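One structure below.
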Amino acid sequence: MSDVLAGYGLVKKYGPTTALAGAEVAVRAGELLAIMGPSGSGKSTLLHVLAGVIRPDDGRVMLGEERIDRLGENRLSALRRDRFGFVFQSGQLLPELPAEENVALPLMLSGMRRRDAVARARRWFGPLGLDGLERRRPGQLSGGQAQRVAIARALVVEPDVVFADEPTGALDQATGEEVIRLLTTVSRSLGSALVMVTHDAGVAAHCDRIVQVRDGHIVDEWHPAAAAARNGATR
Ligand code: ADP
(Lines give C-alpha, C1' and ligand atoms only; values in the text may rest on other atoms or scores of the structure.)
Protein backbone atom coordinates (compact mmCIF):
# COMPACT_ATOMS: atom_id res chain seq x y z
CA MET A 1 0.00 0.00 0.00
CA SER A 2 1.22 3.51 -0.71
CA ASP A 3 2.39 6.01 1.89
CA VAL A 4 -0.17 8.64 2.74
CA LEU A 5 2.28 10.69 4.80
CA ALA A 6 6.04 10.63 5.16
CA GLY A 7 8.78 12.67 6.80
CA TYR A 8 12.38 12.50 5.58
CA GLY A 9 15.43 13.80 7.42
CA LEU A 10 13.35 15.94 9.75
CA VAL A 11 15.32 18.39 11.85
CA LYS A 12 13.87 20.85 14.33
CA LYS A 13 15.87 22.88 16.82
CA TYR A 14 14.77 25.18 19.60
CA GLY A 15 17.83 27.28 20.38
CA PRO A 16 20.39 24.83 21.79
CA THR A 17 17.83 22.00 22.01
CA THR A 18 17.53 19.56 19.13
CA ALA A 19 13.96 18.25 19.19
CA LEU A 20 14.25 16.33 15.91
CA ALA A 21 17.60 15.10 14.65
CA GLY A 22 16.87 13.69 11.20
CA ALA A 23 13.78 11.64 12.00
CA GLU A 24 12.28 9.53 9.21
CA VAL A 25 8.85 7.97 9.26
CA ALA A 26 6.34 6.85 6.64
CA VAL A 27 2.68 6.09 7.28
CA ARG A 28 0.75 3.89 4.87
CA ALA A 29 -2.79 4.77 3.83
CA GLY A 30 -5.15 3.66 6.58
CA GLU A 31 -2.33 2.56 8.90
CA LEU A 32 -2.63 3.15 12.65
CA LEU A 33 0.76 4.27 13.98
CA ALA A 34 1.69 4.91 17.60
CA ILE A 35 4.67 7.08 18.52
CA MET A 36 6.23 6.22 21.88
CA GLY A 37 9.36 7.29 23.70
CA PRO A 38 10.59 9.07 26.82
CA SER A 39 9.43 12.55 27.74
CA GLY A 40 11.35 15.18 25.78
CA SER A 41 12.44 12.74 23.06
CA GLY A 42 10.66 14.69 20.29
CA LYS A 43 7.35 12.82 19.90
CA SER A 44 5.09 15.86 19.98
CA THR A 45 7.39 17.84 17.71
CA LEU A 46 7.39 14.96 15.22
CA LEU A 47 3.59 14.79 15.24
CA HIS A 48 3.25 18.54 14.75
CA VAL A 49 5.82 18.62 11.95
CA LEU A 50 4.04 15.77 10.13
CA ALA A 51 0.73 17.60 10.60
CA GLY A 52 2.02 20.82 9.07
CA VAL A 53 1.64 22.71 12.33
CA ILE A 54 5.39 23.20 12.94
CA ARG A 55 7.78 23.79 10.05
CA PRO A 56 10.95 21.68 10.15
CA ASP A 57 14.33 23.43 9.87
CA ASP A 58 15.43 20.73 7.46
CA GLY A 59 13.99 17.67 5.73
CA ARG A 60 10.65 17.35 4.02
CA VAL A 61 7.10 16.20 4.66
CA MET A 62 5.15 14.50 1.88
CA LEU A 63 1.36 14.10 1.87
CA GLY A 64 0.96 11.55 -0.88
CA GLU A 65 2.82 13.07 -3.81
CA GLU A 66 2.72 16.62 -2.48
CA ARG A 67 5.50 18.22 -0.51
CA ILE A 68 3.76 20.20 2.25
CA ASP A 69 6.47 21.62 4.50
CA ARG A 70 7.14 24.56 2.21
CA LEU A 71 3.55 25.46 1.39
CA GLY A 72 2.24 28.92 2.22
CA GLU A 73 0.20 29.31 5.39
CA ASN A 74 -3.17 29.62 3.59
CA ARG A 75 -2.71 26.46 1.57
CA LEU A 76 -1.35 24.64 4.59
CA SER A 77 -4.27 25.59 6.82
CA ALA A 78 -6.78 24.58 4.11
CA LEU A 79 -5.03 21.24 3.82
CA ARG A 80 -5.02 20.70 7.60
CA ARG A 81 -8.72 21.51 7.68
CA ASP A 82 -9.77 19.28 4.76
CA ARG A 83 -7.43 16.31 4.97
CA PHE A 84 -6.36 16.04 8.61
CA GLY A 85 -8.24 15.55 11.87
CA PHE A 86 -6.87 16.40 15.30
CA VAL A 87 -7.55 14.96 18.75
CA PHE A 88 -5.70 16.52 21.69
CA GLN A 89 -5.24 15.46 25.30
CA SER A 90 -8.35 17.24 26.46
CA GLY A 91 -10.95 17.92 23.80
CA GLN A 92 -10.33 21.61 23.09
CA LEU A 93 -14.00 21.93 22.23
CA LEU A 94 -15.53 25.37 22.01
CA PRO A 95 -17.35 25.75 25.34
CA GLU A 96 -20.15 27.98 24.06
CA LEU A 97 -21.22 25.64 21.23
CA PRO A 98 -23.42 22.54 21.65
CA ALA A 99 -21.67 19.24 20.97
CA GLU A 100 -23.24 18.81 17.52
CA GLU A 101 -22.01 22.23 16.40
CA ASN A 102 -18.53 21.50 17.68
CA VAL A 103 -18.55 18.41 15.48
CA ALA A 104 -20.04 20.33 12.52
CA LEU A 105 -17.46 23.12 12.73
CA PRO A 106 -14.80 21.64 10.41
CA LEU A 107 -17.48 21.09 7.75
CA MET A 108 -18.76 24.65 8.08
CA LEU A 109 -15.22 25.98 7.85
CA SER A 110 -14.90 24.05 4.59
CA GLY A 111 -17.97 25.85 3.28
CA MET A 112 -20.81 23.40 4.01
CA ARG A 113 -24.14 25.02 4.97
CA ARG A 114 -24.81 24.98 8.68
CA ARG A 115 -27.92 22.79 8.43
CA ASP A 116 -26.18 20.18 6.26
CA ALA A 117 -23.08 20.23 8.45
CA VAL A 118 -25.09 19.69 11.65
CA ALA A 119 -27.09 16.88 9.99
CA ARG A 120 -23.85 15.19 8.96
CA ALA A 121 -22.36 15.76 12.43
CA ARG A 122 -25.38 14.16 14.14
CA ARG A 123 -24.78 10.86 12.37
CA TRP A 124 -21.64 10.41 14.45
CA PHE A 125 -23.37 10.54 17.80
CA GLY A 126 -24.87 7.03 17.68
CA PRO A 127 -21.71 5.17 16.62
CA LEU A 128 -19.72 6.98 19.32
CA GLY A 129 -22.25 6.22 22.07
CA LEU A 130 -23.30 9.87 22.36
CA ASP A 131 -27.00 9.57 21.50
CA GLY A 132 -29.06 12.26 23.20
CA LEU A 133 -26.05 14.49 23.96
CA GLU A 134 -26.18 16.48 20.71
CA ARG A 135 -27.31 19.74 22.33
CA ARG A 136 -25.12 19.53 25.45
CA ARG A 137 -22.35 22.04 25.82
CA PRO A 138 -18.86 20.70 26.57
CA GLY A 139 -19.16 21.77 30.23
CA GLN A 140 -22.14 19.40 30.58
CA LEU A 141 -20.22 16.36 29.31
CA SER A 142 -17.97 13.94 31.18
CA GLY A 143 -14.29 13.80 30.18
CA GLY A 144 -14.85 10.61 28.19
CA GLN A 145 -17.92 12.02 26.44
CA ALA A 146 -16.09 15.23 25.55
CA GLN A 147 -13.22 13.20 24.12
CA ARG A 148 -15.66 11.18 22.00
CA VAL A 149 -17.12 14.46 20.70
CA ALA A 150 -13.55 15.50 19.85
CA ILE A 151 -13.11 12.21 17.95
CA ALA A 152 -16.30 12.88 15.99
CA ARG A 153 -15.02 16.37 15.16
CA ALA A 154 -11.69 14.95 13.97
CA LEU A 155 -13.33 12.30 11.78
CA VAL A 156 -16.34 14.17 10.38
CA VAL A 157 -14.34 15.38 7.37
CA GLU A 158 -13.26 11.78 6.68
CA PRO A 159 -9.62 12.81 6.84
CA ASP A 160 -6.65 11.07 5.24
CA VAL A 161 -4.83 11.25 8.57
CA VAL A 162 -5.97 11.70 12.17
CA PHE A 163 -3.36 13.10 14.57
CA ALA A 164 -3.81 12.38 18.25
CA ASP A 165 -1.49 13.70 20.97
CA GLU A 166 -1.93 11.74 24.22
CA PRO A 167 -5.68 11.41 23.55
CA THR A 168 -6.27 9.45 26.76
CA GLY A 169 -3.85 11.42 28.92
CA ALA A 170 -6.59 13.15 30.90
CA LEU A 171 -8.85 10.10 31.34
CA ASP A 172 -8.98 7.24 33.82
CA GLN A 173 -7.91 3.80 32.61
CA ALA A 174 -11.35 2.38 31.74
CA THR A 175 -12.56 5.55 30.03
CA GLY A 176 -9.30 5.87 28.13
CA GLU A 177 -9.58 2.28 26.95
CA GLU A 178 -13.09 2.92 25.62
CA VAL A 179 -12.03 6.16 23.89
CA ILE A 180 -9.08 4.47 22.21
CA ARG A 181 -11.20 1.53 21.10
CA LEU A 182 -13.62 3.98 19.43
CA LEU A 183 -10.87 6.11 17.90
CA THR A 184 -9.14 3.13 16.32
CA THR A 185 -12.36 1.40 15.23
CA VAL A 186 -13.76 4.50 13.56
CA SER A 187 -10.44 5.36 11.90
CA ARG A 188 -10.27 1.84 10.50
CA SER A 189 -13.85 1.93 9.24
CA LEU A 190 -13.18 5.21 7.40
CA GLY A 191 -9.78 4.10 6.13
CA SER A 192 -8.14 7.10 7.79
CA ALA A 193 -4.55 6.69 8.95
CA LEU A 194 -3.89 7.48 12.61
CA VAL A 195 -0.69 9.02 13.99
CA MET A 196 -0.89 8.94 17.78
CA VAL A 197 1.57 9.98 20.46
CA THR A 198 1.10 8.01 23.65
CA HIS A 199 3.18 6.91 26.63
CA ASP A 200 0.70 4.11 27.35
CA ALA A 201 1.74 0.75 25.91
CA GLY A 202 -1.82 -0.55 26.29
CA VAL A 203 -3.09 2.31 24.13
CA ALA A 204 -0.33 1.84 21.57
CA ALA A 205 -1.14 -1.88 21.32
CA HIS A 206 -4.37 -0.96 19.49
CA CYS A 207 -2.28 0.31 16.57
CA ASP A 208 -0.78 -1.59 13.63
CA ARG A 209 2.74 -0.39 14.30
CA ILE A 210 4.66 1.33 17.08
CA VAL A 211 7.73 3.50 16.54
CA GLN A 212 10.05 4.36 19.39
CA VAL A 213 11.57 7.86 19.44
CA ARG A 214 14.74 8.75 21.31
CA ASP A 215 16.78 11.95 21.04
CA GLY A 216 14.87 13.12 17.98
CA HIS A 217 15.30 9.88 16.02
CA ILE A 218 13.23 6.78 15.50
CA VAL A 219 15.31 4.03 17.07
CA ASP A 220 12.99 1.04 16.88
CA GLU A 221 9.66 -0.11 15.52
CA TRP A 222 7.47 -3.14 15.96
CA HIS A 223 4.04 -4.53 15.13
CA PRO A 224 2.13 -5.18 18.36
CA ALA A 225 -0.17 -7.86 16.90
CA ALA A 226 2.83 -9.83 15.61
CA ALA A 227 4.63 -9.38 18.92
CA ALA A 228 1.55 -10.59 20.82
CA ALA A 229 1.26 -13.64 18.54
CA ARG A 230 4.95 -14.48 19.13
CA ASN A 231 4.42 -14.30 22.86
CA GLY A 232 1.40 -16.54 22.63
CA ALA A 233 -0.82 -13.79 23.99
CA THR A 234 -4.49 -13.71 23.10
CA ARG A 235 -6.02 -10.37 22.20
P1 ADP B 1 8.04 14.76 23.77
O2 ADP B 1 6.73 14.96 23.06
O3 ADP B 1 8.71 13.46 23.42
O4 ADP B 1 7.91 14.93 25.26
P5 ADP B 1 8.79 17.28 22.56
O6 ADP B 1 8.68 17.08 21.11
O7 ADP B 1 7.67 17.97 23.25
O8 ADP B 1 9.06 15.88 23.27
O9 ADP B 1 10.12 18.08 22.89
C10 ADP B 1 11.39 17.68 22.41
C11 ADP B 1 12.44 18.65 22.96
O12 ADP B 1 12.23 19.94 22.40
C13 ADP B 1 12.37 18.84 24.48
O14 ADP B 1 13.67 19.03 24.94
C15 ADP B 1 11.55 20.10 24.61
O16 ADP B 1 11.87 20.76 25.82
C17 ADP B 1 11.97 20.90 23.39
N18 ADP B 1 10.89 21.80 22.92
C19 ADP B 1 9.71 21.39 22.39
N20 ADP B 1 8.97 22.45 22.04
C21 ADP B 1 9.68 23.56 22.35
C22 ADP B 1 9.46 24.97 22.24
N23 ADP B 1 8.33 25.46 21.70
N24 ADP B 1 10.44 25.80 22.66
C25 ADP B 1 11.57 25.31 23.19
N26 ADP B 1 11.85 24.00 23.33
C27 ADP B 1 10.92 23.12 22.92
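The values are calculated or read from the model by the stated rules, or taken from the named source; none is laboratory data. Quantities reported herein were computed from a predicted structural model and do not represent experimental measurements. Neighbour counts run over all protein chains shown; Cβ positions are idealised from the backbone, glycine included.
For the reader, a short list of remarks on this structure follows.
- Note on region 1-23: residues that are more than 16 Å from VAL53 (Cβ to Cβ) and more than 16 Å from the ligand (Cβ to nearest atom) total 7.
- Put simply, of ALA154, ALA174 the only residue that is of a type in the set (A, V, I, L, M, F, W, C), part of a helix (DSSP H, G or I) and touching a residue at least 24 places away in the same chain (Cβ under 8 Å) is ALA154.
- So VAL156, is it at pLDDT 95 or above and either out of contact with any Asp or Glu (no Cβ under 7 Å at 6 or more places or on another chain) or not charged (D, E, K, R) (or both): yes
- Residue among ARG114, ARG67 that is assigned by TED's automatic domain parsing to the domain that holds ILE35, of a type in the set (D, E, K, R) and either surrounded by 14 or more Cβ atoms within 10 Å (Cβ to Cβ) or free of Cβ contacts under 8 Å to residues at least 40 places away in the same chain (or both): ARG67
- Pick from region 53-69, criterion more than 16 Å from the ligand (Cβ to nearest atom) and in a loop (DSSP other than H, G, I, E, B), ranking: farthest from the chain's Cα centre (by Cα): GLU65
- Per the listing VAL203, VAL179, the residue uniquely out of contact with any strand residue (DSSP E or B) (no Cβ under 6 Å at 6 or more places or on another chain), within 16 Å of the ligand (Cβ to nearest atom) and over 12 Å from PHE88 (Cα atoms) is VAL203.
- Residue in region 100-109 that is of a type outside the set (D, E, K, R) and outside any helix (DSSP H, G or I) present: no
- TYR8 under 21 Å from GLN212 (Cα atoms), more than 19 Å from the chain's Cα centre (by Cα) and free of Cβ contacts under 8 Å to residues at least 60 places away in the same chain: yes
- Conditions (1) within 15 Å of the ligand (Cβ to nearest atom); (2) in a loop (DSSP other than H, G, I, E, B); number of the one not met by SER90: (1)
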